[in-house]
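The values are calculated or read from the model by the stated rules, or taken from the named source; none is laboratory data. Because the structure is a prediction, the values reported are computed rather than measured. For neighbour counting, all protein chains shown are included, and Cβ atoms are generated from backbone atoms with ideal geometry for every residue, glycine included. Note: accessible area is taken over every heavy atom of the protein model, side chains too, but ligands, DNA and RNA are not part of it. Shrake-Rupley method; radii C 1.70, N 1.55, O 1.52, S 1.80 Å.
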Amino acid sequence: MIEQALANPWIRQLANAALLLAVINLGVLVLIYMERKVAGFIQSRLGPVHVGPRGWLQSVADALKLILKEDIIPAPADRFLFVLAPFFVFVPVLAVFLVLPFNAGWVAHDFSLAALYVIAAGTVAIMGIVMAGWGTNNKYSLLGGLRSAAQLVSYEIPVVLAILAVVFYAQSMSLVDIAEAQRGFGWFIFHPPLLVAAFVYMIGQLAETNRTPFDLPEAESELVSGFHTEYSGIRFAMFFLAEFANTFFAAALAVVLFFGGWDGLPGLTGALWLVAKSYVLVFVLMWIRWTLPRVRVDQLLGFAWKVLVPIGLIVVLWAAASVVYAGGAKP
Amino acid sequence: MAQAELKERFEGALGGLAEAVEAEGSLVRVRVALPNLRAALLALKTSPDTACDFPANLTAFDTGQEMTLLYRLASIPNRWQALVSCPLDREDPKAPSVADLWPGFNWFEREVYDMFGVAFEGHPDLRRILLPDDWEGFPFRKDYVSKPSGSPLKGPQPTDLGEQA
Amino acid sequence: MNGDLRDLHQEILDLGTQGMVMNMGPQHPSTHGVLRLILTLDGEEVMACEPVIGYLHRGLEKMAERRPYRHFLPFTDRLDYVCSLANNLACAQAIERLAGIEVPDRAQWIRVALMELNRIASHLLFLGTFGTDLGATTMLLYAFREREEALALLEAITGARLTYNWIRVGGLPDDMPENWDKGVLAFCDLLESRVGEYDRLLTDNPIFRRRTEGVGVIPAEDAIAYGLTGPTLRASGVEYDVRRWAPYEKYAEIDFDVVVLRDGDTFARYLARRLELEQSVRILRQVFDRMPEGPIASKVGKVLKAPPGIAFSQVESPRGELSFTMVSDGSPNPQRVHIRAPSFANLTVLADLVVGNKVADVVAILGSIDIVLGEVDR
Amino acid sequence: MNPVRSLLGGLWKIFGGMGLTLRNFFRRKATIRYPYERRPVSPRYRGMFYLKWNEEKQRLNCVGCTLCAQACPTNVISMNKVGKGTTAGVDEFTMDLGRCMFCNLCVEACPFDAIYMGDQYEFAVTHKEGSVLRIADLAQGGPENYRRNLETLRRLQEEAEKSKAAGDKPTERRAAEEGA
């Protein structure tokens, strides 16, 4: 019966999406708890301790609180944009998870242009942020939205260049193929050009996921909360969810691209390896967030265009050269 | 520096602008009449003998009979300072603004206007600074009658709070 | 200071171009209280800035006129609530000078210790909040970790953690508790071992440096003309520290360096406070080496009256020169008390300083001036 | 400066900062879990007021001299004095903590060791009236001692009345009646 239903491609895709949604939401709850604990430990605090043993139910409590809270729409806001914006931010994040391979064969939908799709779908979220910034009719939000647009557009390019270098090595744009190419500890991170590419990619993703030192869209000391200043309740929760899901995706994608995907020591399922490696990277992202101050908007854009893009271009050339001349990748 | 010498320096710099000059340690107390106020302050600032170019403080006080402006100017390298007092016409308090000489006195003049109603002529932006814009009267004048507004909150209210002395 | 830029922006505004007016405050995470800045923006760039103050005005000077001299002392805690002992001292000193009261040696030494300990607590708060203003939230927690120890020491001697009210006319209400000096010296060692962490986390950080260096530069002559005091002035290269310039209590006998930096930018103002931490530690160490035995307060009559006259005190609070001007008419109440709040004077420079900078720099510059609104509004 | 070197130098400094935060990650935490753990307060802590109970004399030390009320900058204290001379005491003593600055001036003003500030620091109330403390709240040892204080004062007064009746000094009696 179930097998029959799953034979229908529509139903199968829907089931995949539902499964992903559940996994993502759960994963985000864990991430929020982790973020708060990491922040606390780095800052010589304990982090959440009250709800549940060692406070691990804290994010569940927060999620419940946000769901139950009143959903306030400010009177001067553009209702249509204001209401729609959180979905525009959240849905692309879900969409990109569709092509993320968790294990050999564990992918909702693999196709040959997955890397391109990830970049394209991920960029849609900017729309939502700009909509939120404009629709709120709040000057802080507007500035936050504008910053966000400038930032995401600028940092998309180094990220694309870094992914491009990987594509050269793997000779495929399918994420599954990229991960397969790194089987048996042939991780791309061990290739010098891709080590630099990984750096560029991580910095770019740091900016794309709006985390300190690049959290300008929501810079709380200047713009209060940036584009989501006026959001509350479930809509705020969606922004929050999207942000954390995005963070996790950035880390997971980095694992697929540079750290061998589900490749690991035998004995454990590949998916566990992938998730474990992703969490290590997420920890690094958090660690960076709680160490560094925030850059200024002109420095942010300057860094993207004057430092990261040139480095990215060099990396692409370097990667291409080593693929062609040194046979640095699999045929 | 000897006090007599300090006094001489200030008297020399001020010429006939000051009514009285007294030295007391490194502090020179100068009394100036209102018409000479700006000229005297300018002389204190620019004269190389005094070089009091640091605007340390500006305030006023009202005794009920007389209202006086108090300027305190310091010379940082020379380690002396001048306390310039200038009596005002209490009925119609006016004084020349020195906010153009010392931008630091801009807010101090606004504060004195706010509290005493002294109109500083030539001040770029003479508005109330600490009190609400619609406040009536100038609270630090001795003829100001304060009206207890009472607290909108319920609870024991000290109607005579502050009147104990 | 930004003169050309200001003219340029004025020209743009005169053309009829509208900037975006943004209210920063009075409720805003980084206005350090209830300061309101009306910013006119051109995109991210500030074209004009108008600070609005007075939201916290409680009429403390007016209250002083209605009370006997001594009753005003607890109110001064509420001025600069980050360093209330400096306010206590400035107020007590003005009364002492007005009434000609001497303070015993031991009380003067303890006062110096209290001043410096409170200065450390205040500067640590500054380091933390300044880090937060620039997005380095962790700095706040690290600074507060050490500040907590300083507050515990202050609590041990004064019995309070924020509004100490521990300086009386003519001395102090009570002597140091037992082993307090040892506690303070241990804290000095702890702080010295921790300032290196602040440097690693903030001072040396390239992002932090690029956010602060060359931002909001105040040249020395402007700093003087605006009447700035404290680290804000000394960061511009003017050597003016009341502790050295017009020594009070026992500061004349103490060996310490006045921290003077040349750049006058936001980073220099940060660094001046950071370096003053070490000087305060140095002063504290000397205080306990030289603490004499003796009384801690001189006899002052029950009804304190001062002969008619004008007196003012000058105290180097962590924010600059704090000065109480008191006018007496011979009655038990002061006729007029004026508080020259360093934050008030330092804030005058802000409007001209931020023009031409980005919104993010407004926060950085405002943070580096280190104002306390309780003192600005009085 | 060489841009590559400045970039690498910057990265090195950033790694230094990250090393620091990582070290703090594993360090002992500074948090005190407040309602469960408390930091001890200093013996001089200026917390909640109390009127000192004298076990030996079975009364509060306060004689109602109002010196503390006079020393108070914000008129927090009001009291009702009963008796006179050696029999003097208070049957009402009110403090409006809504106005109190905890400045310690009343404690310093008291020549009879009567008013003190304790180490209790959790006195949030839900109504403004709750911040007005009566003598029963303030007496050390609670309302029980407040009642015993009243009894002692009444007894002292009766004794004084008796001795007065014996000595018969009309002026004193009038004063005592007024005081009562």
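Structural remarks
- If you sort A:PHE90, A:PHE80, D:PHE15, B:PHE105 by accessible surface, 1.4 Å probe, largest first, the order is A:PHE80, D:PHE15, A:PHE90, B:PHE105.
- Neighbouring Cβ atoms from other chains, within 10 Å of the Cβ of residues in C:361-368, number 2 on average.
- Nearest-ten-degree value, helix C:137-158 long axis tilted from longest Cα axis of chain C: 20
- Antiparallel %, DSSP beta bridges [both residues in chain B], to 5: 75
- In order along the range A:272-278, the phi-based Karplus estimate (6.51 cos²θ - 1.76 cosθ + 1.60, θ = phi - 60°) of 3J(HN,Hα) comes to 5, 4, 4, 5, 4, 5, 4 Hz; Gly and Pro are listed as x.
- When the Cα positions of A:LEU265, A:ALA251, A:ALA321 are compared along the charge dipole of the range A:229-331, A:ALA321 comes out farthest toward the positive end, with charges on each C-beta of Lys, Arg, Asp and Glu.
- Here's the list of aspartates and glutamates a cross-link from A:LYS306 could span, going by alpha-carbon distance under 18 Å and ignoring same-chain residues fewer than 8 apart: A:GLU156, A:GLU208, A:ASP298.
- Those residues of the range C:331-347 for which accessible area with every protein chain present is at least 30 Å² below the isolated value (1.4 Å probe): C:GLN335, C:ARG336, C:HIS338, C:ARG340, C:PHE344
- Computed helical MRE - 222 nm, chain D, DSSP H runs ≥ 4 contributing -39500 (n - 2.57), nearest 500: -12500 deg cm²/dmol
- What you get for the range D:49-179, charging only the Cβ of Lys and Arg (+1) and of Asp and Glu (-1), is a dipole of about 340 debye around the Cα centre.
- Accessible area of C:LYS182 (1.4 Å probe, protein heavy atoms only, ligands and nucleic acids ignored): about 130 Å².
- Note on D:LYS29: lysines with a C-alpha under 21 Å away, same-chain residues under 8 apart excluded, are A:LYS37.
- Taking every alpha-carbon pair under 8 Å whose residues sit at least 6 apart, chain A reaches a relative contact order of 23 percent.
- Solvent-accessible area, 1.4 Å probe, carbon plus sulfur percent, for chain C: 50
- In summary, the aspartates and glutamates within cross-link reach of A:LYS139, defined as a Cα separation below 12 angstrom excluding same-chain residues under 8 places away, comprise A:GLU222, A:GLU230, C:GLU44.
- The range A:271-331 and the range A:51-119: distance between their alpha carbon centers, rounded to Å: 24
- Share of carbon and sulfur in the accessible area of the range A:200-331 stands at 75%, probe radius 1.4 Å.
- For D:CYS65, solvent-accessible area (1.4 Å; no DNA, RNA or ligand), Å²: 50
- Solvent-accessible area buried by A and C, counting both chains, probe 1.4 angstrom, square angstrom: 2500
- Diffusion coefficient, µm² s⁻¹, Stokes-Einstein with Kirkwood Rh over alpha-carbon pairs of the protein assembly as shown at 4 °C and 1.567 mPa s: 39
- The range C:141-179 versus the range D:41-109: alpha-carbon centroid distance in Å: 24
- Pairwise burial B:C, computed as accessible area of each alone minus the pair, summed, 1.4 Å, Å²: 3700
- Fraction of accessible area attributable to carbon and sulfur, the range B:3-89 (%, probe 1.4 Å): 47
- A simple spin-label model places the labels of C:ARG285 and B:GLN65 5.8 nm from each other, with each point 7 Å out along Cα-to-Cβ.
- Centroid-to-centroid, using Cα positions, the range A:10-34 and the range A:152-214 are 24 Å apart.
- Positions from the range A:122-147 whose accessible area shrinks by 10 Å² or more when the full protein complex is built, not the chain alone, probe 1.4 Å: A:LYS139, A:TYR140, A:LEU142, A:LEU143, A:ARG147
- Among the listed pairs A:LYS277/C:LYS358; C:LYS302/D:LYS162; B:LYS94/B:LYS142; A:LYS69/D:LYS128; C:LYS302/D:LYS128; C:LYS62/D:LYS81, those whose Cα-Cα separation exceeds 27 Å are A:LYS277/C:LYS358; C:LYS302/D:LYS162; A:LYS69/D:LYS128; C:LYS302/D:LYS128; C:LYS62/D:LYS81.
- Dipole of the protein assembly as shown [Lys/Arg +1, Asp/Glu -1 at C-beta], most positive-end residue of B:THR50, C:VAL217, A:VAL23: A:VAL23
- DSSP beta bridges fully contained in the protein assembly as shown are about 90 percent antiparallel.
- Chains C and D together bury roughly 2500 Å² of accessible surface, counting both sides and using a 1.4 Å probe on protein heavy atoms.
- Rounded tilt (10° steps) of C:180-198 against the dominant C-alpha axis of chain C: 10
- Average beta carbon contacts from partner chains per residue of D:102-115, 10 Å cutoff: 3
- Among the residues of A:154-165, the average count of other protein chain beta-carbon atoms within 10 Å of the residue beta-carbon is 0.
- For the protein assembly as shown, the solvent-accessible area of protein heavy atoms averages 41 Å² per residue (probe radius 1.4 Å; ligands and nucleic acids excluded).
- Counting only alpha carbon atoms, the long axis of helix D:170-179 and the longest principal axis of chain D meet at about 40°.
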